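Asker: The structure follows.
The values are calculated or read from the model by the stated rules, or taken from the named source; none is laboratory data. Since the model is a prediction, treat every value here as computed from it, not as a measurement. We place every Cβ from the backbone using ideal geometry, glycine too, and count neighbours over all the protein chains shown.
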Amino acid sequence: MARNRWHMLHEDGAYILTRRLPAQFDVSAQTHLVGGSIRILASQIRQDLWRGLKTLRGFSPVVRIEQCKGGLLVTAGGQVAQKRFARAEIETQIATLLSDPAKRARWIRHSNRKGDRVA
């Protein structure tokens, strides 16, 4: 039987989904979203983040979501095991993923179907 090897943490009022502990952001980008289940949003974003960066050797995704005025602040990125990597290029890829209207709509739609809804 498969086990969920993801760590789901609650720190400083934020929900963090990470594979490795401690959660570390070598690369990241942020966006704001409105409402939905934080747990489901984090999982959906993590899946798309992994799909977009799966060719980056040693990449381990991290998604941090916290409530803020007007909705949710999402920080997505993760840890990179390589010593040398194109930080700016990768952060641009993450920002592009987070700003994709179709993905954002799917994340919100899916997170509002079930789970713990927030603002």
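Asker: Please specify each residue of region 83-96 satisfying the condition of being surrounded by fewer than 15 Cβ atoms within 10 Å (Cβ to Cβ) and polar (S, T, N, Q).
Answerer: Across region 83-96, the qualifying residues are T92, T96.
Asker: Please determine, by comparing only the residues of region 62-104 that are under 20 Å from S43 (Cβ atoms) and among the acidic types (D, E), which one is farthest from the chain's Cα centre (by Cα).
Answerer: Among those that are under 20 Å from S43 (Cβ atoms) and among the acidic types (D, E), it is D100.
Asker: Shifting gears a bit: Among R64, R106, which is the only one that is basic (K, R) and in a helix (DSSP H, G or I)? Quick ask: steps written out before the conclusion?
Answerer: Details: R64 fails: in a helix (DSSP H, G or I).
Of R64, R106, the one residue that is basic (K, R) and in a helix (DSSP H, G or I) is R106.
Asker: Look at region 67-102 and say how many of its residues are in a helix (DSSP H, G or I) and touching an Asp or Glu at 6+ places or on another chain (Cβ under 7 Å). Spell out the reasoning first.
Answerer: Residues of region 67-102 in a helix (DSSP H, G or I): 87-99, 101-102.
Checking the rest, the ones that are also touching an Asp or Glu at 6+ places or on another chain (Cβ under 7 Å) come to 97.
Of the residues in that region, 1 qualify.
Asker: Limited to region 19-68, what total is found for residues that are among the aromatic types (F, W, Y) and within 19 Å of H110 (Cβ to Cβ)?
Answerer: Final tally of qualifying residues: 1.
Asker: While we're on this one: Given the options R46, R51, name the one that is under 20 Å from K103 (Cα atoms), basic (K, R) and in contact (Cβ under 8 Å) with a residue 24 or more places away in the chain.
Answerer: The match here is R46.
Asker: If you check R39 against the conditions, is it modelled with pLDDT of 90 or more, charged (D, E, K, R), touching a strand residue (DSSP E or B) at 6+ places or on another chain (Cβ under 8 Å) and under 11 Å from S60 (Cα atoms)?
Answerer: Details: modelled with pLDDT of 90 or more: yes; charged (D, E, K, R): yes; touching a strand residue (DSSP E or B) at 6+ places or on another chain (Cβ under 8 Å): yes; under 11 Å from S60 (Cα atoms): no.
No, not satisfied.
Asker: While we're on this one: Yes or no: K69 more than 17 Å from Q30 (Cβ to Cβ) and either touching a Cys at 6+ places or on another chain (Cβ under 6 Å) or surrounded by fewer than 12 Cβ atoms within 10 Å (Cβ to Cβ) (or both)? I'd like the intermediate steps shown before the answer.
Answerer: On the way: more than 17 Å from Q30 (Cβ to Cβ): no; either touching a Cys at 6+ places or on another chain (Cβ under 6 Å) or surrounded by fewer than 12 Cβ atoms within 10 Å (Cβ to Cβ) (or both): yes.
Here the answer is no, as K69 does not meet what is asked.
Asker: A follow-up question, please. Considering only residues that are farther than 13 Å from T75 by Cβ and β-branched (V, I, T), look in region 10-45 and name the one that is surrounded by the most Cβ atoms within 10 Å (Cβ to Cβ).
Answerer: I40
Asker: Can you tell me how many residues in region 57-66 are surrounded by fewer than 19 Cβ atoms within 10 Å (Cβ to Cβ), free of Cβ contacts under 8 Å to residues at least 40 places away in the same chain and at negative phi? Break it down into steps so the answer makes sense when it comes.
Answerer: From region 57-66, those surrounded by fewer than 19 Cβ atoms within 10 Å (Cβ to Cβ) are 57-58, 60, 66; that's our starting set.
Next, from what is left, pick out any that are free of Cβ contacts under 8 Å to residues at least 40 places away in the same chain: 57-58.
From what's left, at negative phi: 57.
Qualifying residue count for the region: 1.
Asker: Could you check region 97-119 and list, in sequence order, the residues that are at pLDDT 90 or above and loosely packed, with under 12 Cβ neighbours inside 10 Å?
Answerer: Across region 97-119, the qualifying residues are S99, P101, A102, A105, R109.
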